[in-house]
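**Q** First the structure, which I've put down as structure tokens, then a few questions once you've had a look.
The values are calculated or read from the model by the stated rules, or taken from the named source; none is laboratory data. Please read all numbers here as calculations on a predicted model, not as lab measurements. The protein model used for the area step is the full one, side chains on, heavy atoms only, and it has no ligands, DNA or RNA in it. Shrake-Rupley method; radii C 1.70, N 1.55, O 1.52, S 1.80 Å.
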Amino acid sequence: MNAVTASRPVILRPQLAAISLVGSCLVTLGVFLSGFVIAEPAPYEIFMAGLVGLWALFGLRISRATAPLTVLLVLFMIGGILSLTVMADLGTGPMYMAVTGFLCLTAVFFAAIIEDRHQRLPLILNAWVAAAIMTALLGILGYFGAIPGAANFTLYDRAKGAFQDPNVFGPFLVGPSLYLLHGLLTQPLSRAPLKVAGLLVLTLGVFLSFSRAAWALDLFCAVALVFVMLLKQRSGLFRLRILVMTLSGALFVVAALAVALQSDQVASLFSSRTQLVQDYDGGHLGRFDRHRLGFVMAMEKPFGIGPMVFSTMFPEDEHNVLLKSLTSYGWLGFVAYVTLILWTLSLGFRFLLLERPWQPYLMVAWITLIGHVGIGNVIDTDHWRHFYLLLGIVWGCAALEHRHRRQPRSGTSA
């Protein structure tokens, strides 16, 4: 009996390694598919639903470290389900909540598999970069009419790549841009040309989305990354390198954008979009007026009003994720969402500068998440696939840190 028991791990170990490898490859493909959401349900939903189900069969483990993420997302969903009960006509409400539930599940899934193996982090980020570059190229080429079916990749004279909305397309590119920028600042210069080329494509894609939120997000994240890295690095020489490369990159990007602005079409739309307050922002029932009226109304609706109902009462949707959580997920969903965001950001901040193998990925995800929380004041992010990926990365890295601290300290060096 002892001999059989002792031999069992030896037999299972190659099989488990093979399963883990296949699983990691499938995760990479799933993240890559997140960049192509022309129609819903998108390939990402179908593939990830199958992948999560398959992974659960092989023992998807939710640890104590990621349990708060799961509980808060469940409470968020319960709030959304309760909001359905006050709707006179359910319409597409149940499907909307089903999508929310699926995306919440993906956040828990990513956190769990990252905690299981931190080596999956570079696969996830590289897949995100590949998807971002490909969808950005579709948006850029489509914008200039350089490919057949170019109209499929633009909307209202704005690049949208393989997305339905330029306002989602632009922010999707920011996380990969930050990851490339981090590599450019920290890795050998021999790897710089490919990263510079990728950054140029992604920056142009963000620019041609003509999304003010995406522009602000991209700028904020780049500046925040440089600031955090200057805090982290003690070497004066390294800090000088960061400053020189950052300034050089900024000048290069400005030059590239100056070339793009030579197009009358680009220049005209750029001039229009750079106005701080658009016609649909100010005035009676404009974006900001809707926010005010919506928050006042939500104070009298503990269960909310149901998803997609706000736009039947006002000219447009909420365009504010806090207001969205109140109207579509009720007071319970709002409290759960705010708690989740504050908890997530505090976790990332605590572990941000620790020297760990997963530290660069945590830094990129945490900064990008802060930016998304900021732009959530002017846009709805509750159904953005990459937003839940960011949540999963931060919680997965936090779980890795908790496990690292629980491990017994060895007296000998590894």
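**Q** When we measure straight from the Cα of K301, which lysines land under 22 angstrom away, once same-chain ones fewer than 8 places off are left out?
**A** K324
**Q** Also: Expressed as a whole percentage, what fraction of the accessible surface of the chain belongs to carbon and sulfur atoms when a 1.4 Å probe is rolled over the protein heavy atoms?
**A** Carbon with sulfur: 69 percent of the solvent-accessible area.
**Q** Quick check of the Kirkwood formula: for the range 215-262, what is the inverse mean of 1/r over all pairs of different Cα atoms, in Å? Spell out each step's value before the answer.
**A** Details: mean 1/r = 0.0842 Å⁻¹.
After inverting the pairwise mean of 1/r, the radius is 11.9 Å.
**Q** Here's another thing I want to ask about it. Counting heavy atoms of the protein chains only and a 1.4 Å probe, report the per residue accessible area for the chain as a whole number of Å².
**A** Numbers: 19480 Å² over 414 residues.
Dividing the accessible area of the chain by its residue count gives 47 Å².
**Q** The chain: Rg/Rh from Cα coordinates, Kirkwood Rh?
**A** On the way: Rg = 22.5 Å, Rh = 22.8 Å.
Rg/Rh for the chain comes to 0.99.
**Q** Over the range 78-190, what is the relative contact order in whole percent, taking alpha-carbon pairs under 8 Å and six or more residues apart? Don't skip to the end; give the middle numbers.
**A** Values: 74 pairs, mean separation 17.2, N = 113.
Contact order relative to length: 15 percent.
**Q** Enumerate the amide H contacts of T154 below 5 Å, restricted to partners 5 or more residues apart or on another chain; note that Pro and chain-start residues carry no placed amide H.
**A** K160
**Q** Which whole-number percent gives the relative contact order of the range 129-202, counting Cα pairs below 8 Å spaced six or more residues apart? Working shown, then result.
**A** On the way: 86 pairs, mean separation 20.7, N = 74.
So the answer I get is 28 percent.
**Q** Contact order normalised by length for the chain, with contacts defined as Cα pairs under 8 Å and 6 or more residues apart; what percent is it? Can you show the working numbers first?
**A** Values: 526 pairs, mean separation 96.4, N = 414.
Answer for the chain is 23 percent.
**Q** Counting each DSSP H run of 4 or more residues in the chain as -39500 (n - 2.57), what helix-only mean residue ellipticity at 222 nm follows after dividing by all residues, to the nearest 500 deg cm²/dmol?
**A** Numbers: 16 runs with 292 residues, N = 414.
One gets -24000 deg cm²/dmol as the mean residue ellipticity at 222 nm.
**Q** Where is the GNM fluctuation largest for the chain (alpha-carbon springs, 10 angstrom cutoff): P166, P188, P94?
**A** Looking only at P166, P188, P94, the biggest GNM fluctuation is shown by P188.
**Q** Tabulate in residue order the Karplus-calculated ³J(HN,Hα) for the range 209-221, using 6.51 cos²θ - 1.76 cosθ + 1.60 with θ = phi - 60°, rounded to whole Hz; enter x for Gly and Pro.
**A** Computed from phi, the couplings for the range 209-221 are 6, 6, 9, 4, 5, 5, 4, 5, 4, 4, 5, 4, 5 Hz.
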